[in-house]
1. Summing -39500 (n - 2.57) over the DSSP H runs of n ≥ 4 in chain A and dividing by its residue number, what mean residue ellipticity at 222 nm do you reach, to the nearest 500 deg cm²/dmol?
2. Report the label-to-label distance for B:Leu254 and B:Glu49 in nanometres (one decimal), using points 7 Å from each Cα along the Cα→Cβ vector.
3. Quick one: work out Rg over Rh on the C-alpha atoms of the range A:119-167, Rh as Kirkwood radius.
4. Tell me, Kirkwood radius of the range A:33-86 from alpha-carbon pair distances, in Å?
5. Can you tell me how the range A:2-211 classifies by the Cα gyration tensor, rounded, prolate or oblate, using a/c under 1.5 as the rounded cut?
6. Which whole-number percent gives the relative contact order of the range B:8-277, counting Cα pairs below 8 Å spaced six or more residues apart?
7. Under the rule of at least 5 residues apart or a separate chain, name every residue whose amide H is placed under 5 Å from the amide H of A:Phe20.
8. Which whole-number percent is the relative contact order of the range A:219-303 (Cα, under 8 Å, 6+ apart)?
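Every read-out reported here was derived from the displayed coordinates using simple, explicitly stated rules and does not represent laboratory data. Since this is a predicted model, take the numbers as computed values, not measurements. Please note: Cβ atoms are built from the backbone with ideal geometry, for glycine as well, and neighbour counts cover all protein chains shown.
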Amino acid sequence: MIEVESLRKIFRGGRGLDGFSLQLETGELVGLVGPNGAGKTTLIKILSTLLPPDSGVTRVAGQDVRSDPRRVRAAVGYLPDVAGVYQDMRIREFLEFFADAFRLKEPNRSAAIERALTRAGLADRPEDFVEHLSLGWKQRLLLAKTLLHEPKLLLLDEPATGLDPLARITLREQLKQLHTEGVAILISSHILSDLEDICTRIVFIADGKNVSEAHLSAAEGSAAPTIRCEVEFEGSASAVDPFLKQPVNVRVLEKRDRLLVIELTGGPKEASAFLQKLLAAGILITHFDARGLNLEDRYRRAFGKQTR
Amino acid sequence: MIRLVTNPMILKELRQRLRERRAWLLPTLYLLVLAGTVSFAYYGSTDPEMRGNQGEVQGADIGEVIFLTVVITQMVVLLLMAPVFSAGSLTIEKEQRTFSGLLTSLLTAPQIWWGKFVAALLYLLLLLFSALPFLSLSLAFGGVDPGELLKAVGSTVLVLASICAVGLWCSSMFRRSVHSTAACYGFVLVLSIVTAVVFGILVSQWESHNPMLRGEGPPAHIQAPLFINPFYPLLALLGGGSFGQFSYPVSSWLLFTAIGCLAAAFAMQRIQRSGDQL
């Protein structure tokens, strides 16, 4: 659905994209993660035909964004980070305008508008003015508007900006639903827990380039996979000391009375072996949680040392 | 051809414009200004003291004075309003963050431009045609024939269309309405005042070198700066009286058409590349 190869876009003041590559298949829901100024918005703007790339391959739904932008627009639904609405229009008028802007003809046009009203949860108030909607409802209307022409690919740039928790949950559910309907989605967001919940894959970007996690691990001196273990136990912190010295594949992240957080080289098997050693030594374990690094940990490892 | 009329931008723009408070406020003020100036013109042309006791007043004289007053006044007022309606129409989309929605839809840059242009011009035409009763008053007095009235209205429409096109160009160039509107007013000022000043300088030099030709009026190359003055085609069309020396309305129309077409082309090109302004 998206084919980006060695994409470059340099602005006068610097930054942009510098050889970024990305493949996104039909049905994927990919999260784009990186610090501010990494090039996320630039990438999404190029994919939505708002910005022309300087060089590289950029295809969306099989069409080159430079040579055939209209076909790309027909296949893409784009929701910018701060999207505006026409405050002085009624909800139905707003949707009718964009249905006409996407050249929808009857009877598809009316069906698409009704579908959008239902999707936004605004079917019972189509004659209300847009300005009377809260930010959360406006975002729902904007997403419904973005889906009017049934795009194959959805490009979302920070769609949860400014939304309250309930609106965020609703948006997440809507995106999950769209994903099950087969819409490919590329979403940029700083809300990592949301991305972790809905995305099938995460792509890291920094300084306009791809950031591979294997590369990050190597940079930290370990290319092997790790697992994070959280252990709660009875007794003083010194009780677990012997197990932290041997074997050497243990890295202590946090240690205090009754709590130990470590990172083990390996996977569930190594975590289980570690737990068994503690139990065998007679330490009373009240809680043991072993899982791979979550997105926040991965993000911290990827960008924690960057100062921008 | 049908697309020019069924363009969704036109309906959207007109709907939004007519929902603004100024939709009824501006025509009211506009008609009040015209009513005031017509009353003053009528009083001035009938009051013996103001006329300097030049004998009995003729109906045709009153009609001519009212006609000239209305066409010049409405040109002044509409020239002041044209930048407000045109120069802010694209920048407001940028300010309200709605422009990306238009640019990523299947609307083309010419369609976006055309919708904005027609909406701005139609509103000015609403004002222009609401003043027709004042103009027809001059027909009732005599001294003006319907042909002159049509020419004056046509010329005003052409000049306003050009100014709207320039306003949209300014709007496509800037991010903020205040900047694009200021730029458009600057342009109108150059056309209206600077050209008149340049003409004044040229004509005084010409008269000092050709004192014998003073009665015949300045030649075309001296009048040339005025060809892009919004008032020139009106004064040239109306002819006679002190404006008899302005005799090149067609050149002026052609120049205004060229200005409008160039501004439209530049604006459409800029709209296409507006992604970097979002």
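1. -10000 deg cm²/dmol
2. Simple spin-label model gives 5.1 nm for this pair.
3. 0.97
4. 12.1
5. Prolate.
6. 24
7. Under 5 Å from the amide H of A:Phe20 lie the amide H atoms of A:Leu7, each far enough along the sequence or on another chain.
8. Normalised by residue count, the contact order of the range A:219-303 is 40 percent.
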